[in-house]
Protein chains: 2
Amino acid sequence: MTRDDPVTTNPDHYRVLWENERVRVLDYLDVPGTETTPHDHPDTVMVTLTDFRRHLVSDEAGVDVELKAGRAVWLPAQRHAGINIGDTPTHTILIELKGENLTTDSPALGPDLR
Amino acid sequence: MTRDDPVTTNPDHYRVLWENERVRVLDYLDVPGTETTPHDHPDTVMVTLTDFRRHLVSDEAGVDVELKAGRAVWLPAQRHAGINIGDTPTHTILIELKGENLTTDSPALGPDLR
């Protein structure tokens, strides 16, 4: 599978804050209605700086995800595209983990909210 | 060196949100004047949910650290104690990385703000 880096596919919304040997840290910012194109995430911890209401889609499925500001959630490695279906901008920090992903087959779409 | 887990040494302020095979995610919350006792952090990414003004001390040194809300910083593995020297509560998320730390000798005290 080709890995589509969101920093490359959606540079108006994803940017690299910094990286080192263990992590790459991204800032994500959009406005209501923003749609991203399909991209790949490695295993990631996402921290919401704002409320977060998105519809995520993969080739096989779609899911709505709603989170309050100040949450820290696990985003297992996955390919998706997203749309901001909320009424406010979305601002999140994504801590991408380098090294081997935990899940190599298809994980559930979106963050793990169990 | 004995590892003093902040969740054990300072349970009124540090709590585990969740963990998996790659990370353990902590919530830290205090009020102005709160002092923690010495504890150890593994390699960690810290995200500030509030402004952050602290004095950190180790056996050898002390440093003041000031951060705005919404920052994501690298905290290399280290032992320290802290005091909230600001005027507001401190609320942060700490993403502790499992596995071998990058720095095994003494890193600079506090987060890496380069």
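Where a number appears in this text, it was derived from the coordinates with a stated rule and is not lab data. All figures in this text were calculated on a predicted structure; none of them were measured in a lab. All Cβ positions, even for glycine, are placed from backbone atoms using ideal geometry, and neighbour counts span all protein chains on display.
Taking region A:36-56 as the range and being more than 19 Å from residue A:79 (Cβ to Cβ) and free of Cβ contacts under 8 Å to residues at least 40 places away in the same chain as the test, the residues that pass are A:51, A:53.
Considering B:62, B:33, B:110, the condition of being in contact (Cβ under 8 Å) with a residue 12 or more places away in the chain, on the phi < 0 side of the Ramachandran plot and more than 14 Å from chain A (Cβ to nearest Cβ) is satisfied by B:62 alone. Only residues that are more than 14 Å from chain B (Cβ to nearest Cβ) and hydroxyl-bearing (Ser, Thr, Tyr) were counted across region A:36-59, and they come to 3. Take the conditions touching a Leu at 6+ places or on another chain (Cβ under 8 Å), within 20 Å of residue A:91 (Cβ to Cβ) and surrounded by fewer than 18 Cβ atoms within 10 Å (Cβ to Cβ) and apply them to residue B:69. Does it pass? Answer is yes for this residue. Scanning region B:15-30 for residues that are without any contact (Cβ under 8 Å) to a residue 60 or more places away in the chain and under 16 Å from residue B:91 (Cβ atoms) yields a count of 2. If you go through region B:1-27 and pick out every residue that is under 16 Å from residue A:111 (Cα atoms) and either in contact with a helix residue (DSSP H, G or I) (Cβ under 7 Å, 6 or more places away or on another chain) or of a type in the set (Phe, Trp, Tyr) (or both), you end up with 1. Checked against (1) touching a Leu at 6+ places or on another chain (Cβ under 9 Å); (2) free of Cβ contacts under 8 Å to residues at least 60 places away in the same chain, residue B:86 meets all criteria but (1). If you go through region B:21-30 and pick out every residue that is within 14 Å of chain A (Cβ to nearest Cβ) and either β-branched (Val, Ile, Thr) or farther than 25 Å from residue A:23 by Cα (or both), you end up with 2. Please tell me if residue A:99 is loosely packed, with under 14 Cβ neighbours inside 10 Å and within 14 Å of another protein chain (Cβ to nearest Cβ). Considered against the rule, which asks whether it is loosely packed, with under 14 Cβ neighbours inside 10 Å and within 14 Å of another protein chain (Cβ to nearest Cβ), residue A:99 comes out as yes. Residues in region A:18-59 that are surrounded by 17 or more Cβ atoms within 10 Å (Cβ to Cβ) and within 27 Å of residue B:100 (Cβ to Cβ): A:22, A:23, A:24, A:25, A:26, A:41, A:42, A:43, A:44, A:45, A:46, A:47. The residues in region A:64-78 that are over 20 Å from residue B:20 (Cβ atoms) and in contact with a Lys or Arg (Cβ under 9 Å, 6 or more places away or on another chain) can be counted, and the count is 2.
In the list B:6, B:11, which residue meets the criterion of being without any contact (Cβ under 8 Å) to a residue 60 or more places away in the chain and over 26 Å from residue A:23 (Cα atoms)? One residue alone meets the criteria, B:11. Using the structure shown, decide if residue B:15 is of a type outside the set (S, T, N, Q), within 14 Å of another protein chain (Cβ to nearest Cβ) and surrounded by fewer than 15 Cβ atoms within 10 Å (Cβ to Cβ). When the stated conditions are applied, residue B:15 passes them.
Being within 12 Å of chain B (Cβ to nearest Cβ) and among the charged types (D, E, K, R) is the requirement here; does residue A:71 meet it?
yes
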